[in-house]
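Nothing in this text is a laboratory measurement; each read-out follows from the coordinates by a stated rule. Owing to the predicted nature of the structure, the values given are computational and were not obtained by experimental measurement. We place every Cβ from the backbone using ideal geometry, glycine too, and count neighbours over all the protein chains shown.
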């Protein structure tokens with residue numbers, strides 16, 4: 001990305017505009033709603049630089065990861081980073097940092113002025129909104145219920161959910177903490193929410209104490225086993241959707257793309273037919289077959 005492409009990308013955001021002093025060698029890009037700067041573009045001995053806003057924790061991560069990212073040069077602050085263009089920072093990462101800086105410069109609404117849509121972005125409303133959509137009923141002990149259900153997930157899934165929805169971190173920031181890519185974190189979150197929509201877990205999010213008192217169960221593994229045993233497998237496999245199989249993200253997505261929605265759909269397939277699905281390899285095929293066997297369905 002050269003200097004002109006950098007300027008054009010910064011100006012591609014809504015209401016962004018260039019406000020450069022005529023007697024100065026740098027270019028300033030501002031947000032039109034509040035005139036806050038989100039990008040300084042200038043030249044140093046090493047080449048073209050851009051100073052960008054960034055959350056302090058995320059700014060530290062980027063400085064540690066790339067040698068061509070340093071603390072703010074034009075503005076001395078923990079919330080600014082200087083990035084050399086054409087160095088060791090990938091263009092995709094640079095574009096993300098520019099978008100992040102633009103979002104940091106956006107006007108912030110006071111809590112009392114937030115609309116319902118804005119409230120759905122605040123913890124724990126954002127969690128219930130993500131899980132159930134617009135029409136959700138959040139109990140008074142929502143945070144206690146969330147903690148109880150998150151303890152049924154893996155440690156990595158729990159940390160990813162809390163970082164994303166309670167700490168409001170980006171996928172990239174969470175990935176840097178866990179040594180993974182942003183796309184991998186997105187997959188982990190998708191799997192976590194699919195598992196929490198399972199009736200074994202989701203009922204605790206609505207009536208926590210009532211459900212605990214009714215079942216007297218402390219471990220999620222026992223609840224899952226009891227739920228499986230209650231299904232009338234022989235006659236009603238058409239009622240068992242693939243969400244109940246607790247598959248990996250890859251296996252689940254492959255079946256959804258193949259229009260396989262229930263255990264009954266799977267029971268009609270052979271191993272050879274399953275292997276012809278896009279992106280299903282031997283390992284994924286074995287995973288699906290093992291999940292079906294728990295319900296008494298054998299794929300040959």
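A few comments on the model shown:
- When the Gaussian network model of the chain links Cα atoms closer than 10 Å, the mean-square fluctuations of 289, 67, 24 top out at 24.
- Calculated FRET efficiency for the pair residue 95/residue 134, C-beta based, R₀ 30 Å, to 0.05: 0.45
- The range 231-293: relative contact order as a whole-number percent, Cα under 8 Å and 6+ apart: 38
- Separation of alpha-carbon centers, the range 1-39 and the range 40-80, rounded to whole Å: 16
- Ranked 194, 164, 278, criterion: other C-beta atoms within 10 Å, fewest first: 278, 194, 164
- Relative exposure of 95, 49, judged by other C-beta atoms within 10 Å (fewest first): 95, 49
- Alpha-carbon centroids, the range 279-300 and the range 117-164: separation in whole Å: 31
- Our summary gives the chain a relative contact order of 10 percent, counting only alpha carbon pairs under 8 angstrom and 6 or more residues apart.
- Only helices enter this figure: runs of n ≥ 4 DSSP H residues, each worth -39500 (n - 2.57), summed and divided by the residues of the chain, yield -13500 deg cm²/dmol at 222 nm to the nearest 500.
- Legend: calculated FRET efficiency, residue 210 to residue 276, from the Cβ-Cβ distance at R0 = 45 Å, rounded to 0.05, equals 0.45.
- Spin-label pair residue 187/residue 243, simplified geometry with 7 Å Cα→Cβ offset, distance in nm: 2.2
- Extended-chain gain in nm, criterion 0.36 nm per residue less alpha-carbon gap, residue 8 and residue 294: 97.4 nm
- A simple spin-label model places pseudo-atoms 7 Å from Cα toward Cβ; at residue 106 and residue 177 they are separated by 2.1 nm.
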